[in-house]
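Some notes on the structure that comes next.
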């Protein structure tokens, strides 16, 4: 999805150093619009927290209801130096990209698009669709992988298991003897937790990771403190286990990873290492460079990048 990040941010994983502080930082969402009557709660990046591991962007879209023919319709737009990661909960979204991929994502599935040197794509709700609920994240690629060839992967089957009244779905990384199939380039984890009747859990964690826990629906209690939907609980590295409670009907998203070593610059739909890289990527998009390619199968114009917020030569 196009993020309309009309502000430039430069940061690294150590902008807010991790430690062993035993209090969760509460990060409130800001609301953004992605069109078609679908609003999103934007959790990353914020002034308080730019990244969690390699995760550099987090949108919670919906749940939204709209008339047939409405919903999401995001025209061709570019990405660089990142992976887009979509976790679908309700409804369907059709993906097209400049590699020629066409893929419908359905509830319980993950789409992972690796931009590398550059890719363009579109996202739209099918004509008969009336619901949308998803989490979309970006993963910053490490310095040795920023210019890899673009790719797209669809994961309809993910590791799932039940424990202590909670259903776990491992979206990325490794947890409790399970390994997600998503091809990632940094040590990280993504996991969905859902409980119909409520659950009290002690999650084993990697003490080298920093973590975020986001209730998508319901209420999650982290170390005795309640977090409502769209309130992100951030935990600095140092935890090897974490007690949490899920109220009845709660779904929460857990993300984490080792603090990201490489400084990055994020502007609009681009990630790069510095402003020069971002400016060149934007020029390439505006000039219709073959770097990003053409997206087939979408009837509509390309998105226009906003003006860069800094002077260029």
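Values quoted throughout were computed directly from the atomic coordinates according to the rules given, and no laboratory measurement underlies them. Given the structure is predicted, the values throughout are model-derived calculations rather than measurements. A quick note on method: Cβ atoms are made from the backbone with ideal geometry, for glycine too, and the neighbour counts reach across all protein chains shown.
The calculated FRET efficiency for the pair residue 280 and residue 153, based on their C-beta separation and a Förster distance of 30 Å, comes to about 0.65. For the listed peptides 65-72, 216-223, a ranking on the average number of other beta carbons within 10 Å per residue, highest first, reads 216-223, 65-72. Its relative contact order, with pairs defined as Cα atoms under 8 Å and 6+ residues apart, puts segment 9-286 at 22 percent. Highest GNM mean-square fluctuation among 237, 186, 226, for the chain modelled with Cα contacts below 10 Å: 226. Applying 0.36 nm per residue to the separation of residue 262 and residue 179 and subtracting their alpha-carbon distance, the gain on full extension is 27.3 nm. With a Cα-only, solvent-free Debye model of segment 67-120, what are the log10 I(q)/I(0) values at q = 0.19 Å⁻¹? With no solvent term, the Cα-only Debye profile gives -0.73. Rounded to the nearest 10 degrees, the angle from helix 275-286 to the longest Cα principal axis of the chain is 60 degrees. Within segment 67-201, the proportion of Cα pairs with more than 19 Å between them is 54 percent.
With the highest mean first, a sort of the peptides 79-88, 287-296 on other beta-carbon atoms found within 10 angstrom per residue produces 79-88, 287-296. Compared with the alpha-carbon gap, the fully stretched path from residue 311 to residue 131 is longer by 60.6 nm at 0.36 nm per residue.
Per-residue extension of 0.36 nm, minus the Cα-Cα distance of residue 228 and residue 164, leaves a gain of 20.9 nm for this segment. Nearest 0.05, what FRET efficiency do residue 39 and residue 287 give at R0 = 41 Å with Cβ-Cβ as r? Calculated value: 0.80. For segment 9-286, the equivalent ellipsoid derived from the Cα gyration tensor has semi-axes of 28, 23, 17 Å, listed largest first. In whole percents, the pair-distance distribution calculated for segment 18-115 from its alpha-carbon pairs, binned every 5 Å from zero, is 2, 10, 17, 23, 21, 14, 7, 4, 2, 1.
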